[in-house]
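The values are calculated or read from the model by the stated rules, or taken from the named source; none is laboratory data. This one's a predicted model, so the numbers in the text were calculated from it and none came from an experiment. Neighbour counts run over all protein chains shown; Cβ positions are idealised from the backbone, glycine included. Each accessible area value is taken on the protein alone, full model and side chains, heavy atoms only, with ligands, DNA and RNA left out. Shrake-Rupley method; radii C 1.70, N 1.55, O 1.52, S 1.80 Å.
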Amino acid sequence: MAPEREAPVYVLPYDLKWPALFETERVLLANALRPWLRGPIEHVGSTAVTDMPAKPVIDIMAGVESLEASRGALDVLGELGYVYAPYRTDVMHWFCKPSFAERTHHLHLVPFRSLVWDERLGFRDCLRSDPAVAHEYAALKYHLAEIHRLDREAYTDAKGAFIARVLDTLRIRRP
């Protein structure tokens with residue numbers, strides 16, 4: 001069987017429905033993940049930033065005690081339609097929904113107050129509070145979506161230098 005082909009990268013204007021889509025999923029996840037949660041369930045990524053263009057995929061981050069302690073959540077999340085993908089397994093459990101090819105949600109189980117936790121929230125909060133940074137990031141996203149239309153990983157990787165620069169400015173990054 002051939003692997004699923006990923007959908008092309010399209011960055012769309014901000015959709016006022018994104019916060020409600022997050023909230024609906026947050027409630028579902030809060031009940032399902034209760035035994036493993038050690039922190040809140042956060043809306044992260046560009047869909048969490050008002051007026052930010054984004055891929056129409058709701059990014060969700062849930063704070064867990066540890067990756068090992070949260071392994072039991074993988075089967076529970078599968079029952080909710082989440083597909084586990086072994087991506088950055090040293091720092092998170094990563095899932096997409098409903099499939100790898102067609103995604104409406106990404107879920108990141110991340111140790112609460114870890115470096116990844118702090119970086120994701122710091123970057124999101126910077127975009128929410130600094131219009132100049134948000135505008136620069138939006139322009140970059142549109143440009144990268146054009147040149148990496150058929151390669152999601154390249155699109156994501158190409159944003160890395162910008163994100164690192166912002167995190168360095170915020171002094172969130174740790175050695």
In the range 153-164, which residues are open to solvent by 30 Å² or more (accessible area, probe 1.4 Å) and either in contact (Cβ under 8 Å) with a residue 24 or more places away in the chain or among the charged types (D, E, K, R) (or both)?
Glu153, Asp157, Ile163
Those strands (runs of 3 or more DSSP E) completely within the range 1-109 that have 3 or more residues that are over 28 Å from Lys141 (Cβ atoms) are none
Looking at Leu167, Leu144 in this structure, which one is assigned to a helix (DSSP H, G or I), over 29 Å from Val83 (Cα atoms) and open to solvent by less than 20 Å² (accessible area, probe 1.4 Å)?
Leu167
Would you mention how many residues in the range 4-21 are surrounded by 16 or more Cβ atoms within 10 Å (Cβ to Cβ) and in contact with a helix residue (DSSP H, G or I) (Cβ under 7 Å, 6 or more places away or on another chain)?
4
Hey, among Asp51, Asp75, Asp59, which residue is surrounded by fewer than 20 Cβ atoms within 10 Å (Cβ to Cβ), closer than 30 Å to Val133 by Cβ, of a type outside the set (Val, Ile, Thr) and modelled with pLDDT of 95 or more?
Asp51
Could you grab me the full set of residues in the range 123-137 that are under 16 Å from the mean Cα position of the chain (by Cα) and buried (at least 17 other Cβ atoms within 10 Å of the Cβ)?
Phe123, Arg124, Cys126, Leu127, Tyr137
